[in-house]
Amino acid sequence: MRKLFIDGTFTDSVERRVRTIQNPATLEVVDEVFDAAPGDARRAVLAAKQAQVAWRHHPAVERGKVLHEIARALREDRATLSELLTREGGKPRIENLDEVEWCAACFAYYAEVARNSHGNSVPPVAEHQVNFTIKEPLGVVTAIAPFNYPLLLMTWKVAAAIAAGNSVVIKPSELTPLSTLRLAEIGFSLLPKGVANVVTGTGADVGEPLVVDPDVACVAFTGSNAVGTRIAVKCAEQLKRVNLELGGIDPLIVFEDADVEAAAHGAAWARFLNSGQVCTSAKRIYVCESVAREFIDRFVAHTETLRVGNGMDPATDLGPLISEVALKRVEDQVKRTLGAGAKLLAGGKRIDPLKNGKGWFFAPTVITDVTPGMPAHTEEVFGPVAAIQVVRDGDAAIALAAASEYGLGANIFTRSLKNAMKAMHEIKAGTFWINDPLTDNDAAPFGGMRKSGIGRELGEEGLDAFRETKHVHLDYFGEKKSFWFPNKTRSGEIPS
Ligand code: NAD
């Protein structure tokens with residue numbers, strides 16, 4: 001049984017409701033956690049509020065030291081954390097080792113960046129004046145994370161927020177809370193008590209109270225559009241800062257001049273990583289007619305080599321989907337896309353790779369003859385389903401790729417700088433990848449345009465998401481000014 005982490009202590013929930021966390025590959029119980037109550041959320045906010053008073057006055061270099069210690073703790077615990085991530089979420093362990101390392105790198109990055117950035121000196125408008133800006137923390141930040149990269153997407157918020165002098169209350173996904181509680185044990189416990197708190201539970205009982213709490217200054221959310229929109233409305237009612245990292249139906253274009261072998265393997269990586277449960281998965285694939293046959297043949301052949309299984313097995317490429325609900329949703333989306341006239345070339349159904357009738361596995365799936373309007377290109381399919389549309393040429397591909405309500409990421413494969421730059425300018429996307437899909441960089445901002453979100457994580461932008469800018473104006477002569485009352489106009493001197 002894993003407890004809540006509030007005010008530096010592992011503590012029981014006030015209502016003591018318990019939830020079991022199930023391994024989606026084996027359906028074994030991994031552990032139990034509390035399904036906390038609104039009263040627990042409030043306790044955590046009060047602890048965070050109290051802790052932030054002192055934390056904001058710690059010099060950034062001192063805050064940075066603790067962030068570096070958290071990075072070290074993550075690296076030392078990588079074996080345990082990666083196993084826990086696989087057992088609660090299903091993702092292959094080798095990818096979870098990467099996830100732990102990326103978290104460590106992000107804590108180390110913000111430890112230094114926050115030390116390096118505290119505002120600007122501004123040229124004054126008159127003599128003997130000094131103008132500068134300082135960056136101030138917001139206060140208490142609520143960080144709400146999804147299931148698919150439980151530690152990483154929490155870290156992108158929390159490392160930046162605490163480096164900037166905020167305190168945080170973290171709500172992990174109710175499906176994958178264990179790795180975050182483990183990080184509380186080995187990492188957040190190194191912080192002054194109350195600076196980082198973890199409250200497990202549902203969106204309704206914990207998430208929403210943490211959004212509307214009047215002592216929360218900012219909500220940083222990663223998750224679905226439906227929940228993100230609801231949170232945006234709640235925050236608007238209180239004029240509260242909000243950062244939203246939402247869903248996407250990202251395009252991937254294979255141009256006529258692409259290295260087709262590289263594109264086939266890159267597109268499979270971009271679509272099937274984490275069994276397609278990635279916000280920036282290549283969910284709409286457009287391939288130019290002249291290379292379509294070769295691309296599709298290579299893509300299908302490669303797909304058929306992918307090994308689906310328990311993520312603890314080092315030979316596994318794709319693990320299970322997170323839950324039965326998720327599996328049924330993907331099954332339904334594939335069925336409706338095929339029903340609308342698309343053609344199935346591989347997969348298309350749930351499978352039983354462990355041969356015991358357990359686990360939420362879906363075969364890596366390839367669908368062609370997709371046309372605009374089919375579910376696989378208009379709904380976010382959070383599963384291993386590659387939906388390919390063959391197009392006349394690069395211009396047609398760019399036009400289709402750009403015609404979306406979303407704008408999270410976009411991928412292209414081309415050897416032509418002209419194609420690359422044209423596509424980059426035409427397609428609205430927070431991240432644009434050329435010949436190297438889905439590679440992130442702590443120093444570069446990540447986020448979505450249009451319905452994929454508001455705000456950015458990572459980079460300096462990711463720090464500013466958790467800071468206010470204050471302009472300071474100082475006159476070091478301090479003399480009486482000639483333009484102070486009475487107004488010149490009152491004495492009859494009206495300017496012509
Ligand atoms: P989800 O929206 O169902 O849940 C996300 C989190 O919100 C969970 O912790 C959940 O408990 C919480 N929540 C639910 N209702 C809430 C409420 N009313 N108030 C406050 N919190 C609430 O999303 P999910 O299924 O965990 O994740 C998948 C989605 O996340 C996909 O749409 C995916 O594209 C998106 N995603 C986006 C990014 C990004 O960076 N843009 C990254 C990963 C995932």
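Laid out as a table, the results:
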| item | result |
| --- | --- |
| Every pair of residues 6+ apart whose Cβ atoms lie under 6 Å, when the first sits in segment 188-216 and is in the same structural domain as V233 (by TED's automatic domain parsing) while the second is of a type in the set (D, E) and at pLDDT 95 or above | L190/E69; K193/D7; G194/D7; V199/D40; G201/D35; T202/E174 |
| Sole exception among (1) under 30 Å from R16 (Cβ atoms); (2) more than 11 Å from the ligand (Cβ to nearest atom) for F272, by number | (1) |
| Whichever residue in segment 423-448 is outside any helix (DSSP H, G or I) and among the acidic types (D, E) and, among such residues, is nearest to the ligand (Cβ to nearest atom) | D440 |
| Residues located in segment 399-411, provided they are away from the ligand (no atom under 14 Å from the Cβ) and open to solvent by less than 10 Å² (accessible area, probe 1.4 Å) | A401, N411 |
| Filter result for V472 (open to solvent by 10 Å² or more (accessible area, probe 1.4 Å) and either under 30 Å from E136 (Cβ atoms) or within 16 Å of the ligand (Cβ to nearest atom) (or both)) | yes |
| Long-range neighbours under 8 Å by Cβ, at least six apart or interchain, first residue open to solvent by 20 Å² or more (accessible area, probe 1.4 Å) within segment 292-313, second of a type in the set (D, E, K, R) | R298/E261; L306/D317; R307/D317; V308/D317; M312/E83; M312/R87; M312/R93 |
| I367 vs. criteria away from the ligand (no atom under 16 Å from the Cβ), crowded, with 16+ Cβ neighbours inside 10 Å and not acidic (D, E) | yes |
| Given (1) open to solvent by 10 Å² or more (accessible area, probe 1.4 Å); (2) away from the ligand (no atom under 16 Å from the Cβ), number of the condition A420 does not satisfy | (1) |
| Number of the exception - G223 against (1) surrounded by fewer than 23 Cβ atoms within 10 Å (Cβ to Cβ); (2) without any contact (Cβ under 8 Å) to a residue 40 or more places away in the chain | (2) |
| Hits in segment 64-90 - residues which are in contact with a helix residue (DSSP H, G or I) (Cβ under 6 Å, 6 or more places away or on another chain), open to solvent by 10 Å² or more (accessible area, probe 1.4 Å) and of a type in the set (D, E, K, R) | E69, R75, D77, R78 |
| Flag if E331 is assigned by TED's automatic domain parsing to the domain that holds G430, open to solvent by 10 Å² or more (accessible area, probe 1.4 Å), away from the ligand (no atom under 16 Å from the Cβ) and in contact (Cβ under 8 Å) with a residue 24 or more places away in the chain | yes |
| Qualifying residues in segment 111-127 (those that are over 18 Å from T469 (Cα atoms) and at pLDDT 95 or above) - the one surrounded by the fewest Cβ atoms within 10 Å (Cβ to Cβ) | E112 |
| Qualifying residue in segment 460-478 (condition: assigned to a strand (DSSP E or B) and farther than 30 Å from V125 by Cβ) | no |
| The lone exception for A236 - which of (1) exposed (fewer than 15 other Cβ atoms within 10 Å of the Cβ); (2) outside the structural domain of D205 (by TED's automatic domain parsing) it fails | (2) |
| Enumeration of residues in segment 169-217 that are more than 28 Å from L239 (Cα to Cα), within 9 Å of the ligand (Cβ to nearest atom) and of a type in the set (A, V, I, L, M, F, W, C) | L175 |
| The one condition in (1) surrounded by fewer than 19 Cβ atoms within 10 Å (Cβ to Cβ); (2) without any contact (Cβ under 8 Å) to a residue 40 or more places away in the chain that V158 fails to fulfil | (1) |
| Checklist (1) of a type in the set (A, V, I, L, M, F, W, C); (2) open to solvent by less than 10 Å² (accessible area, probe 1.4 Å); (3) within 16 Å of the ligand (Cβ to nearest atom) applied to F147, failing item | (2) |
| Segment 108-144, residues that are more than 16 Å from the ligand (Cβ to nearest atom) and over 30 Å from G478 (Cα atoms) | A108, Y109, Y110, A111, E112, V113, A114, R115, N116, L138, G139 |
| Only listed residue being of a type in the set (G, A, S), in the same structural domain as E28 (by TED's automatic domain parsing), surrounded by 15 or more Cβ atoms within 10 Å (Cβ to Cβ) and more than 30 Å from F272 (Cβ to Cβ), chosen from A41, A54, A105 | A41 |
| Close pairs from segment 227-239: first more than 10 Å from the ligand (Cβ to nearest atom), partner open to solvent by less than 30 Å² (accessible area, probe 1.4 Å), Cβ under 8 Å, at least 6 apart | A232/L244; C235/V211; C235/V219 |
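The values are calculated or read from the model by the stated rules, or taken from the named source; none is laboratory data. Because the structure is predicted, anything quoted here is derived from the model rather than measured. Every residue, glycine among them, receives a Cβ derived from its backbone with ideal geometry; neighbour counts consider all protein chains shown. Only protein heavy atoms, including side chains, enter the accessible area calculation; ligands, DNA and RNA are left aside. Shrake-Rupley method; radii C 1.70, N 1.55, O 1.52, S 1.80 Å.
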